[in-house]
Amino acid sequence: MTDPVAEALALWGLEGAECHLVAGRENRVFRVETPRGTAALRVRRPGYRSDAELRSELDWMDSMRRAGLSVPQPIASRSGALLERVGDFRVDLLDWLPGQPMGEGRGPLALTDAPGVFSRLGEEMARLHAACDAWLPPDGFARVKWDAEGLIGETPLWGRFWENPTLSPEQRDLFLRFRDLARVELARIDGAVDQGLIHADLVRENVLLDGDRLHLIDFDDGGWGFRLFDIATALLKHRHESDFSELAAALLSGYRRVRTIDTRPLRLFLALRAVTYLGWIVPRLSEEGGAERNTRFIADAEVMCRRWLDRGE
């Protein structure tokens, strides 16, 4: 274990604690064994989020925990701060939630009761959205915006997907056509679809199964956006499951047990979610497995965009 990890641990009075790297994509995440139990130390990637955004994420999670959601609880350092600085890095500490991811990678799900899990996930998403609507963010609260500009504007949050350098001319034309028509449709439905704070990354790795309970982790990409975008994110990478229609229906049924939502534009948001990955992968093309992921992302985006364009809904 090397700095800045050792320095970060000291800020929480955890000098010499057993510490293991468990994730290293956007942020480095370490599992830390403390006298009070297991915790997650996050060493945030410099420049990815502003200090205001990082503090807002921690305030947000803290409020959701107090509202009864099972999300990570930020732990204050010795100084009482939730966010600390070590050199160029920002660091924070969260409690470690039990359970196992509902799935990993793109392999088939191995769940005893997959519809039941998706139903509970729908309920938890709806509870999260309801709790967000009931919460009054503090002054200075700042998070990213998954709005029309953040999805298909000139500088989307995850990059100009239509400029992915591996696209063929035909693929680029398809995604530009989709972008133009999606912009028109989002403007048409803007005031009619549910919007607010969303997790924005409820993929299978960020949903922990703990017996009958579900825990939602990794709010790093969360911000303001369309609630259907949250649902689309939770569904998109499961679309190759043989019972996908049943799983999607279960998730939506669970959601509607808690709050209402108009899902008629869901096909559009599945396509919007799919194209975001075409921008996200560009700076990661040279990473191990990057080319293979890129090929999959393009294929998925082609299918979802054509489905929406062909049906016009």
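Please treat every number below as a calculation from the coordinates, not as lab data. Since we're looking at a predicted model, the values are computed, not measured. With ideal geometry, Cβ positions are generated from the backbone for all residues, glycine too; neighbour counts draw on all protein chains shown.
Multiplying the residue separation of Arg25 and Arg213 by 0.36 nm and removing their Cα-Cα distance gives an extension gain of 65.0 nm. Ranked by the mean number of other Cβ atoms within 10 Å per residue, highest first, peptides 130-141, 239-250, 91-102 order as 91-102, 239-250, 130-141. Shown here for region 1-101: GluC sites (Glu not before Pro) in loop regions (DSSP other than H, G, I, E, B) with at most 13 other Cβ atoms within 10 Å, namely Glu15.
Each of the peptides 211-221, 163-173 was scored by the mean count of other Cβ atoms within 10 Å over its residues; in descending order, highest first, they stand as 211-221, 163-173. Residues in region 118-133 carry Karplus couplings, in order, of 5, 5, 5, 5, x, 4, 5, 4, 5, 5, 4, 4, 5, 5, 5, 5 Hz; the curve used is 6.51 cos²θ - 1.76 cosθ + 1.60 with θ = phi - 60°, and Gly or Pro positions show x. Across region 171-184, coupling constants 3J(HN,Hα) worked out from phi with the 6.51/-1.76/1.60 Karplus curve, θ = phi - 60°, read 5, 4, 4, 4, 6, 5, 5, 4, 4, 4, 6, 5, 4, 5 Hz, and Gly and Pro carry x. Taking amide H atoms as placed 1.01 Å from N in the peptide plane, the amide H of Ala142 lies under 5 Å from those of Ser56, each 5 or more residues away in sequence or on another chain.
Sparsely packed loop sites in region 1-94 (the trypsin sites (Lys or Arg not before Pro) outside DSSP H, G, I, E and B with at most 16 other Cβ atoms within 10 Å) comprise Arg25, Arg36, Arg78. The list (i) 84, 59, 38; (ii) 54, 53, 28; (iii) 59, 43, 41 gives values of Cα extents along the principal axes in Å, and only one came from this structure; which label was calculated from it? Matching the structure shown: (iii). For region 203-215, putting each phi into the Karplus relation 6.51 cos²θ - 1.76 cosθ + 1.60 with θ = phi - 60° gives couplings of 6, 4, 5, 9, 10, 9, 9, 9, x, 8, 9, 10, 10 Hz, in residue order, rounded to whole numbers and with x for Gly and Pro. Can you find, among Val275, Ala192, Leu208, the residue sitting farthest towards the positive end of the charge dipole of the chain, where Lys and Arg contribute +1 and Asp and Glu -1 at Cβ? The listed residue farthest towards the positive side: Ala192.
Residue ranges 188-201, 116-129 sort as 116-129, 188-201 when ordered by packing (mean number of other C-beta atoms within 10 Å per residue, highest first). The distance between label points at Asp133 and Phe244 comes to 2.9 nm (points 7 Å beyond Cα on the Cα→Cβ vector).
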